[in-house]
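Values in this text are rule-based calculations from the coordinates and carry no lab data. In this text, all values refer to a predicted model and were calculated from it rather than measured experimentally. Counting neighbours? That spans all protein chains shown, and the Cβs are built from the backbone with ideal geometry, glycine included.
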Amino acid sequence: MCGIYDLTEKDLQPLTYTPAFLDKIKGMRFFDPHVHMTARTTDDYQAMADAGIVAIIEPAFWLGQPRTGVDSFRDYFSSLLGWERFRSSQFGIKHYCTIGLNSKEANNEKLAEAVMEILPQFIYKEGVVGVGEIGFDDQTALEEKYYRAQLELAKEAGLPVQIHTPHRDKKKGTQRSMDIALEHGLEPHMIIVDHNNEETVKEVLDRGFWAAFTIYPFTKMGNERMVEVVKQYGSERIMVNSAADWGISDPLAVPKTAALMHESGIDLNDIHLVTYANAVKAFAQSGQIDEADFDLAKNIDQSEKFNGSSILRGGQQPRIDKNTTIIR
């Protein structure tokens, strides 16, 4: 019988295998327009790249516990524009973000006022494709106040808005979110209404907004339900995301949903629209997205550093792709 001391370095390496669902989506490209990679590992990035995800959007959100000062927001926003974009690039995935004051922390009025003062420093930065995720959580007066203020920022900047719809009393919160956006003179085609379900989708689409669906275990939408939504409503202005974060979530939700749609007989063009093209079209209204950049991102050099920091640790060897004309 072997003991633990008989293990070799090779035995301790991660298992490498190809998940069965990848066979169903071979050759497809995916865009996850809502995923919180700050809360995920480099293994997740590698798995996402292997599954065909070529680009992502990371919305600013809360960290699981309340922030206590505006500087924590400043550092967080900076990390979305800096370190996280770099980390994503090390796996060949193009990283964008949306910047905003999340609805949960909008209820701390003193802090919210300070955050509103710094938002203009960030929303005009390269790679920012919208103001988000903003909207309602408990549907309080303060949430509405700062939602309205950020709609005005988005309008001034000419940026799309990524709306977080509440988990409680979702239909009312979704309707109110759309009503207020229209009150502020924003066009529906500039608004991505997120976290939809069967109760909200028809009105969102009928009113001309983008309808985003989050495939999140046990709480939002399962991908079997998502298949039925696409069968009923088609693919126009519908997009799928994972919203993977520090909770029980799946960063491969988009390609897995594509695989299930394919297995269920949904047309490949419809799958392409809801898992890639619609998200590109909606957020490209920011003027920040060029699909050619997705291919450039595939030129990976993991020996690169960001402000002196690397994704590599110890004696790990960098991956350096040779399909580039640049010689270093």
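Residue-wise, which Karplus ³J(HN,Hα) couplings in Hz belong to segment 81-93, taking 6.51 cos²θ - 1.76 cosθ + 1.60, θ = phi - 60°, and x for glycine or proline?
8, x, 4, 5, 5, 5, 4, 4, 5, 6, 10, x, 10
Under the Karplus relation 6.51 cos²θ - 1.76 cosθ + 1.60, θ = phi - 60°, what is the ordered set of whole-Hz ³J(HN,Hα) values for segment 246-260, x standing for Gly and Pro?
Per-residue couplings from phi come out as 7, x, 6, 8, 9, x, 9, 4, 5, x, 5, 5, 4, 5, 5 Hz.
In segment 125-143, whose amide N lies under 18 Å from the spot 7 Å out along Cα-to-Cβ of ASP169? List them in ranges.
Output list for this probe position: 135-143.
For SER78 paired with ASP50, estimate the spin-label separation in nm (one decimal), with each label point 7 Å from Cα along the Cα-to-Cβ line.
3.5
From the backbone phi of segment 182-190, what are the Karplus-calculated ³J(HN,Hα) couplings (6.51 cos²θ - 1.76 cosθ + 1.60, θ = phi - 60°) in whole Hz, Gly and Pro given as x?
So the Karplus estimates, Gly and Pro as x, are 5, 4, 8, x, 7, 7, x, 5, 9 Hz.
Quote the charge dipole size of segment 50-290 about the Cα centre in Debye, to the nearest 20; the model charges only the Cβ of Lys and Arg (+1) and of Asp and Glu (-1). Walk me through the numbers on the way to the answer.
On the way: 24 positive and 35 negative charges, 15 e Å.
In total the dipole reaches around 80 debye.
Taking a spot 7 Å from the Cα of THR68 along the direction of its beta carbon, which residues of segment 89-122 have an amide N less than 16 Å from it?
Residues 111 qualify, since their backbone N sits under 16 Å from the label point.
Full extension from ARG225 to ALA114: what is 0.36 nm times the residue separation minus their Cα-Cα distance, to one decimal in nm?
Taking ARG225 through ALA114 to full extension adds about 35.9 nm, to one decimal.
Here are some pairs, LYS104/LYS220; LYS145/LYS172; LYS172/LYS220; LYS231/LYS298; LYS104/LYS145; LYS125/LYS155; which of them have Cα atoms lying more than 22 Å apart in this structure?
LYS231/LYS298
Take the Cβ-Cβ distance between ASP206 and LYS298 as r, set R0 to 41 Å, and report the resulting FRET efficiency rounded to the nearest 0.05.
Given R0 = 41 Å and the Cβ-Cβ separation, E is 0.55.
Assuming a ≥ b ≥ c are the square roots of the Cα gyration tensor eigenvalues, decide whether segment 106-175 counts as rounded (a/c under 1.5), prolate (otherwise, with a/b larger than b/c) or oblate.
oblate
Segment 70-131: which GluC sites (Glu not before Pro) are DSSP loop and have at most 10 other beta-carbon atoms within 10 angstrom?
Here the GluC sites (Glu not before Pro) that fit, given the DSSP loop and packing criteria, are GLU126.
Along the Cα-to-Cβ line of GLU236, 7 Å from the Cα, sits a label point; which residues in segment 155-191 have backbone N less than 15 Å from it?
It comes to 189, nothing else.
Would you please report the Å³ per residue occupied by the convex hull of the alpha carbon atoms in the chain?
Given the Cα convex hull of the chain, per-residue volume reads 164 Å³.
Please identify every one of the trypsin sites (Lys or Arg not before Pro) in segment 148-236 that sits in a loop by DSSP and has no more than 13 other beta carbons within 10 Å of its own beta carbon.
ARG168
Using modelled amide H (1.01 Å from N, peptide plane; none on Pro or chain starts), what sits under 5 Å from the amide H of ILE191, excluding residues fewer than 5 places away?
Residues meeting the amide H criterion: VAL161, TRP210.
Using alpha carbons only, how many angstrom separate the centre of segment 147-221 from the centre of segment 93-126?
So the two Cα centres are separated by 17 Å.
As an exercise, use a Förster radius of 25 Å and the Cβ-Cβ distance of ASN269 and GLU199 to find the FRET efficiency, rounded to the nearest 0.05. Each step should come with its number before you reach the end.
Numbers: r = 27 Å, r/R0 = 1.09.
Result of the calculation: an efficiency of 0.35.
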